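The numbers here are math on the coordinates, done by the rules we state, and not lab data. Quick caveat: nothing in here was measured; it's all calculated off a predicted structure. Here the Cβ positions follow ideal geometry from the backbone for every residue, glycine too, while neighbour counts run over all protein chains shown.
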């Protein structure tokens, strides 16, 4: 379950970010503060986008930045960050982004259930809207 | 047995998600498939019958257009199911 690899303190709401790079840096910083990643991982997430495009915008309004396990993951973990104002990432269909799901995967297996949850939770439009409207990380955690 | 590759930039996030959903869909249809997730740098288009990926990554993979199923909303399992089954039917004809 997604709750097993995130926590209330890894959820931030209504964060002020102007660009896609700033959004990824701020979400990455949550994982960094928890000791889940090394600082290099944040640069690696941005480098992936510069190299391969905005494929991390996985659905309308949702970006899931991540890099490879060996690029600085310490623990498998997820940070969730909702944005105060939507941010344009430059994706053909899914812009603008309102929710960042920052993923650090230590290996190829432990986060799989969480990925499945992500689709179920955030693919539910009503649930996504209530998460985006919520200010209290604890209540968002309970919704997961 | 069909061989499917799901591809993304890192091989652990988007492609894993696609692998998971494609497996669920094909299991339900009773279609045997070997599905693997890969990162775009190491992908060999020739090694698969189909490749499922997002539009940005699809543009980077060369010489495999007819094999590629493009999915741009990963929370839309219904859309993935339709695209996947259409491709399978196309092959059966």
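Here is how the numbers come out for the structure above:
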read-out: Centre separation in Å (Cα based) which lies between the range A:70-144 and the range A:12-64; value: 11
read-out: Inter-label distance, nm, simple model (7 Å from Cα along the C-beta direction), residue B:27/residue A:109; value: 1.5
read-out: Highest-fluctuation residue, B:82, B:20, B:74 considered, GNM on chain B with Cα pairs under 10 Å; value: B:82
read-out: Residue A:16 paired with residue B:82, simple spin-label distance in nm, labels 7 Å along Cα-to-beta-carbon; value: 4.2
read-out: Fluctuation leader among A:90, A:72, A:28 - chain A, Gaussian network, Cα springs under 10 angstrom; value: A:90
read-out: Helix B:14-29 axis, angle to chain B major axis (alpha carbon atoms, nearest 10°); value: 10
read-out: Computed E for residue A:84/residue A:142 - FRET, C-beta separation, R0 25 angstrom, nearest 0.05; value: 0.70
read-out: DSSP-defined antiparallel bridges as percent of all bridges, the range A:2-143, nearest 5; value: 65
read-out: Cα principal axis extents for chain A, largest first, Å; value: 36, 32, 24
read-out: Overall dimensions of chain B as given by Cα atoms, namely Rg and Dmax in Å; value: 11.9, 35
read-out: Packing rank of A:81-87, A:58-64, where each peptide gets the mean count of other beta carbons within 10 Å, highest leading; value: A:58-64, A:81-87
read-out: Considering only the range B:2-92, percent of DSSP beta bridges that pair antiparallel, nearest 5; value: 0
read-out: DSSP beta bridges in the protein assembly as shown [antiparallel fraction, %, rounded to 5]; value: 35
read-out: Most fluctuating residue given options B:15, B:42, B:55, as computed from a GNM of chain B linking Cα atoms under 10 Å; value: B:42
read-out: Helix B:77-92 vs. chain B, principal-axis angle (Cα, 0 to 90°, nearest 10); value: 80
